[in-house]
Structure formats: C-alpha cells, structure tokens
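Q: Submitted below is the structure of interest, expressed as structure tokens.
The values are calculated or read from the model by the stated rules, or taken from the named source; none is laboratory data. Treat the numbers as computed from the prediction; the structure is a model and nothing was measured. Positions of Cβ are backbone-derived with ideal geometry, glycine not excepted, and every protein chain shown enters the neighbour counts. Surface areas here come from the heavy atoms of the whole protein model, side chains and all, with no ligands, DNA or RNA. Shrake-Rupley method; radii C 1.70, N 1.55, O 1.52, S 1.80 Å.
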Amino acid sequence: MVRRKREKKGRPPFGMPKGIVLLATPEGWRHTVLTVEGGTLCGRLADVPVNAGPAEARAAAAAMVAGLAHDFHEERVDVTWDPPRDPGSWTAQVTVAAAPPNACG
C-alpha cells in the first residue's frame, strides 16, 4: 500500500499585493511589494540593468506584481504609480482590475 501525502489547500504562499516601493541604488533597482495581509517581499529587479531608466524599472516591477497576483491569486491587477516625491524613489498602488463588462462568471 502506497500512502500519498495530502495537499493542504491553505492560503497562497504570497499575499495579495497592494503596493510597490521602487528604489534606484548604485547596485541596481530594488523593490518592496506590500501585501494586503501585512507582508512584504523585497529584492532586486534581476532582469533590469543597473543603468536602466525609471520607466523601464517601473514597467518591470508592475509586470512582476501582475504575475504574482495572477499566479498566486488568479487575479488581474492594475498598478498605478504615484508622482515621485524623492529622486530615485517611486511608489505604486495595486488594485484588482475591474472585470470587462461582458465577462462571464
């Protein structure tokens, strides 16, 4: 008799994103993703060159968060960047995207 491990259907290993902080550093672009549950995910935007401009870094960070929301929560999200307050620092709000008007559930 072979026993199978039961898979727990708990909460996803990554919380639902609600915000992004993006920082330009001499070593590269750093990000912090804030979640609804109060968690954070910090790291470097690995696929973005150190000398990349802010628009490229913001696009990469938004794509990363959209991918996380889709993969872990099966949700589409919109990322809205706030006007920069400090040089080299950007913040964004992440919200669940509205369903298209003709979407079927």
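Q: Looking at region 66-90, I want the residues that are acidic (D, E) and have a partner that is open to solvent by 40 Å² or more (accessible area, probe 1.4 Å) and in a strand (DSSP E or B) with Cβ atoms under 8 Å, at least 6 apart or on another chain. Which pairs are those?
A: Listed pairs, sorted by first residue: E75/V96; D78/T95; D78/V96; D82/T91; D82/Q93.
Q: On the given criteria, is A55 open to solvent by less than 40 Å² (accessible area, probe 1.4 Å), of a type outside the set (F, W, Y), at pLDDT 95 or above and not in a strand (DSSP E or B)?
A: no
Q: Moving on. Do we have W81 as in contact with a Leu (Cβ under 6 Å, 6 or more places away or on another chain) and aromatic (F, W, Y) here?
A: no
Q: Taking only pairs six or more apart or across chains, which ones have beta-carbon atoms under 8 Å, a first residue in region 26-38 that is among the acidic types (D, E), and a second residue that is open to solvent by 10 Å² or more (accessible area, probe 1.4 Å)?
A: If the second residue must be open to solvent by 10 Å² or more (accessible area, probe 1.4 Å), the pairs left are E27/R44; E27/V50; E37/G15; E37/M16.
Q: From the list V77, V33, V50, V65, exactly one residue is modelled with pLDDT under 95, surrounded by 11 or more Cβ atoms within 10 Å (Cβ to Cβ) and of a type in the set (A, V, I, L, M, F, W, C). Which is it?
A: V50
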